[in-house]
Amino acid sequence: MAKLYFKFGAMGCSKTAQALITKFNYEERNMKVLLLKPAIDTRDGATVVRSRIGLKQDAVAVGQEEDLRALYFEKYPDCNVIIVDECQFLAPKQVDELADLVIEKNIPVLCFGLATDFTTHLFPGSKRLFEIAQSISEIKSVCTCGAKATVNARLDDEGRIVTEGSQVVLGGNDRYVAMCRKCWLRRIAAQK
């Protein structure tokens, strides 16, 4: 029986690499994969999914208003599996549409992304995935102190932790660092 999967973790834990490896594994078994990415993520180009270790694939970019169920039926009805990178940027309605496809078409949908933003609050897409996904698993990452990283700390141009601002600011290692909550709170306190 197919499921809606949510695989989440902090920045730099290999979410995208695992999404692309999963795509490869399905394709190696002659299954057709629909790889999606939110259109808001333009770091590596409008339709490219790229991991920090250099793996990359073309993907279908989707806006927050796009109906994912309709997209599947109109353009990709022969796909056996759907993989979504950066799923935290999906609208909650889109998560519901993916969940409907799991039931209607009996196809697995694997969503890879962050759970929380730089202020430790859930992204709307991730919140909905926690509410309805049938399988939820954490991809672990490590803080520089050795503890499990759970915070996606946003950095300014001087390397100071940012605690206010827009929920979405695109960036990689230059803008974000995964930290444990203890180190995050210590750095914020030291900055004051």
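The values are calculated or read from the model by the stated rules, or taken from the named source; none is laboratory data. Everything quoted here is computed from the prediction, not taken from an experiment. All Cβ positions, even for glycine, are placed from backbone atoms using ideal geometry, and neighbour counts span all protein chains on display.
The criterion of at least 1 residues that are farther than 30 Å from LEU71 by Cβ is met by the following strands (runs of 3 or more DSSP E) wholly inside region 100-192: 151-155, 176-179.
Which of the residues spanning region 30-53 are surrounded by fewer than 18 Cβ atoms within 10 Å (Cβ to Cβ) and over 21 Å from MET11 (Cβ atoms)? If the condition is that a residue be surrounded by fewer than 18 Cβ atoms within 10 Å (Cβ to Cβ) and over 21 Å from MET11 (Cβ atoms), then ASN30, MET31, LYS32, ALA46, THR47 are the ones that fit. All of ALA46, ALA91 fail the test of being closer than 28 Å to ALA149 by Cα, without any contact (Cβ under 8 Å) to a residue 40 or more places away in the chain and under 18 Å from the mean Cα position of the chain (by Cα), apart from ALA91.
Reported count of residues in region 122-148, each being touching a helix residue (DSSP H, G or I) at 6+ places or on another chain (Cβ under 9 Å) and among the hydroxyl-bearing types (Ser, Thr, Tyr), is 2. In the set (1) surrounded by fewer than 19 Cβ atoms within 10 Å (Cβ to Cβ); (2) modelled with pLDDT of 95 or more; (3) of a type in the set (Gly, Ala, Ser), the condition left unmet by ALA19 is number (1). Beta carbons closer than 8 Å, at least 6 apart along the sequence or on distinct chains, never pair a first residue in region 15-31 that is within 15 Å of SER137 (Cβ to Cβ) with a second that is part of a helix (DSSP H, G or I) and acidic (Asp, Glu). Considering only region 122-144, state which residues are small (Gly, Ala, Ser) and modelled with pLDDT of 95 or more. Once the filter is applied, which keeps residues that are small (Gly, Ala, Ser) and modelled with pLDDT of 95 or more, region 122-144 yields GLY125, SER126, ALA133, SER135, SER137. Evaluating CYS180 against the criteria (1) over 28 Å from LYS56 (Cα atoms); (2) surrounded by 15 or more Cβ atoms within 10 Å (Cβ to Cβ); (3) in the same structural domain as GLU28 (by TED's automatic domain parsing) leaves one unmet condition, (3).
Here the condition is being outside the structural domain of PRO38 (by TED's automatic domain parsing), under 30 Å from GLU164 (Cβ atoms) and of a type outside the set (Gly, Ala, Ser); of CYS145, CYS111, CYS87, it holds for CYS145 alone.
Of GLU28, GLU86, all but one fail to be on the phi > 0 side of the Ramachandran plot and among the charged types (D, E, K, R); the exception is GLU86.
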